[in-house]
Amino acid sequence: MTVNHKVESSSLSGDEKFLKPKSILNYTLTYLKHTLLNLNYLVNLYMASIKSGYDLSTATYSPEGRVFQIEYATKLVKNSPMVLGIISNDGILIFSEKDPEVSRLSLFSPEKIFPINKISAIGATGKTGDINYLIQRARIDNLSYRENFSESLNGSLLASRVASLIHMHTVYWHLRPFACSGIIGTISDSSPEIFVFFPSGLFVKCFGTAIGKQSETVKISLENILVKSSNCRKNIKEVSKALKIVKPKLNLRLLEIFSLSRETSRFDKPISCNIITENERLSSFYPI
Amino acid sequence: MTRNENLMGTTLIVVDYKDGVMIATDSQTSSGNLVTNRVADKITQISKFSVCCRSGSAADTQAITNQLRIEVKENSTRTEQNVKIRTIVQMLRNFCYKEKEKLNCGFICTGWDKFHGGQIYSIIQGGAVLRNKIALSGSGSLFINGFCEENYKEKMSRKECKTFLGRAVSLAILHDGGTGGVIRLCNISKSGIKRSVFFPNSQPKNHILLKDSFFVLV
């Protein structure tokens, strides 16, 4: 490299040098600095040499025993709007946050919570195309199960069917994995249950979870709500309070709430028009 | 109360009582004038809490109940609980309805359920399902329809139910040529299936004897 200009010494604290690269060498040095400061990229640099070629299809494992396509799919889910599910004394609550960019015009707000039969509903995030296909299959499965056994699909049966469909898409090279993860709320044997399923085909039974953006901070506050063990109605208020702490810019009108409790005969939006305004009022009083 | 055209002369009574369901049958299978089996068992168990009474062609009903047992067991392993009676009936009914041209059979499917208690479903030839509290079937049921209507009470105790059923089947044995043998009793409640056998008291009553002797004397 011919050195016509002065090569300025590269120090990590020099912001001016970041902003004004003056030579090719300086440009490459600032670029490297930028990447080295970003630790994520550091990890990717480290991994790049190992995962070269092992992430091209779902049917290949890396030498460390990871399937990278599924991990990319879970990353997609981690960056999508949040869905929450929690069990209360007399029923189940599922919350979902609508994407604020997409639903600015209320005409185009896509639904995130889908009832499958009277007793169960799935709230899912990720790619909407995958979600639609999954819900269609679940609804058809429910109908055929009803025809054969005169009972609607609920509980771990529904969860295992959904999860096995997702798992099937992680086994073949000609299919890409489902990039959607969701929360199933059902009532089986008159006891409420919540299941979570992931793009890898795993499903887990739990008392309450959150998936999507900023879900880990919400899970901590969910534990506190579960300990109190109150009604569905009270839990709606508590959960929206918790959400307001985690996401202060949250517009409560963009929350979609579905509940199944003794007040309602099936999984549907909770009775009362004033819950949202009540939540707004309560959250505005809460000191952040 | 069902009336089935059937090829094995029989009497079946199923009754809903306080704790669950009680079934009484005779035990004779005959082909024409010959009694082939005097102690047959006409109650077939399907799962831990459910039982099926078969009427019609024996081959059809045996094949169907074998397949039903397999499917019920599969369902119970998937749902990890005892199968509901409604699902058993639905599976039976689907089978009977979809192949009704080939089949000639009727069932009474009963059992105990923790959701709905004791239930009795009678599946008529062709695939229709009726739910009732007392179900009669077989050639001998015609003779005791009136008796059962008069003497059936809702929510009988276990002893009352046993005496009622004993009297009913004994009367059927007395009057019907196709029924005979011993009385088999089966009791389904939350403690499972319990079976017992006893002899019918089919002695004709005193006033009938007197009538006969009166005519002979004169």
The simple spin-label model distance between A:K241 and A:W173, using points 7 Å out along Cα→Cβ, in nm, is 5.6 nm
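222 nm [θ] for chain B, helices only, -39500 (n - 2.57) per DSSP H run of 4+, per residue, to 500? Intermediate results must be reported in sequence, preceding the final value.
Values: 5 runs with 73 residues, N = 218.
Helices in chain B give a 222 nm mean residue ellipticity of -11000 deg cm²/dmol.
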Taking a straight Cα-to-Cα line shorter than 13 Å from A:K205, and setting aside same-chain aspartates and glutamates fewer than 8 residues away, one finds A:E193
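Taking 51 Å as R0, compute the FRET efficiency from the Cβ-Cβ separation of B:S76 and B:H175 and round it to 0.05.
Working: r = 41 Å, r/R0 = 0.81.
Efficiency at R0 = 51 Å is approximately 0.80.
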Plugging the Cβ-Cβ distance of A:I220 and A:L143 into 1/(1 + (r/R0)^6) at R0 = 25 Å yields, to the nearest 0.05, a FRET efficiency of 0.05
Partner aspartates and glutamates whose C-alpha sits under 15 Å from that of B:K48, ignoring same-chain residues fewer than 8 away, are B:E71, B:E74, B:E80, B:D113
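Using only alpha carbon positions, build the gyration tensor of chain B, then give the equivalent ellipsoid semi-axes as the square roots of 5 times its eigenvalues, largest first, whole angstrom.
On the way: eigenvalues 206, 81, 40 Å².
Ellipsoid half-lengths, sorted descending, are 32, 20, 14 Å.
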The answer for the net charge of residues other than B:T36 whose Cβ lies under 15 angstrom from its Cβ, with Lys and Arg +1 and Asp and Glu -1, is 0
Reported to the nearest 10 Å², B:R93 has, with a 1.4 Å probe, an accessible area equal to 80 Å²
Filtered hits (aspartates and glutamates, Cα-Cα < 13 Å from A:K241, offset >= 8 within chain) -> A:E278, A:E280
From most to least accessible, 1.4 Å probe, no ligand or DNA/RNA atoms counted, A:E111, B:E71 line up as A:E111, B:E71
Longest principal axis of chain B (C-alpha) makes with the long axis of helix B:158-175 (C-alpha) an angle, in degrees to the nearest 10, of 60 degrees
Row for the stretch A:162-231, column shape: gyration tensor on C-alpha, a ≥ b ≥ c, rounded if a/c < 1.5 i.e. under 1.5, prolate if a/b over b/c, else oblate; value oblate
Taking A:183-196, A:54-67 and ranking on average Cβ neighbours within 10 Å, highest first, one gets A:183-196, A:54-67
If the chain between B:S196 and B:F147 were fully extended at 0.36 nm per residue, the gain over the current Cα-Cα distance would be 15.3 nm
Connecting every pair of Cα atoms under 10 Å apart in chain B and solving the GNM, the largest mean-square fluctuation among B:A59, B:A128, B:A40 falls on B:A59
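Checking an interface number: how much accessible area is buried between A and B, summed over both chains, with a 1.4 Å probe, in Å² rounded to 100? Could you put the intermediate results ahead of the total?
Details: alone 17080 and 11990 Å², together 28060 Å².
Result for this pair: about 1000 Å² buried.
Test of understanding: express the Cα radius of gyration of the stretch A:192-256 as a ratio to 2.2 N^0.38 Å, with N the residue count.
Working: Rg = 12.7 Å, N = 65, 2.2 N^0.38 = 10.7 Å.
Here the answer is 1.18, to two decimals.
Using the structure shown, list the pairs from A:K118/B:K102; A:K98/A:K237; A:K228/B:K73; B:K84/B:K162; A:K78/A:K237; A:K127/A:K244 with a Cα-Cα distance above 29 Å, or answer none. If you can, show how the numbers build up before the last one.
Numbers: A:K118/B:K102 37 Å; A:K98/A:K237 18 Å; A:K228/B:K73 41 Å; B:K84/B:K162 26 Å; A:K78/A:K237 25 Å; A:K127/A:K244 25 Å.
Check vs 29 Å cut-off fails for A:K118/B:K102; A:K228/B:K73.
The values are calculated or read from the model by the stated rules, or taken from the named source; none is laboratory data. Worth saying up front: this structure is predicted, and the values here are computed from it rather than measured. So basically every Cβ, Gly included, is an ideal-geometry build from the backbone, and we count neighbours across all protein chains shown. Surface accessibility is based on the protein's heavy atoms, side chains included, excluding ligands, DNA and RNA. Shrake-Rupley method; radii C 1.70, N 1.55, O 1.52, S 1.80 Å.
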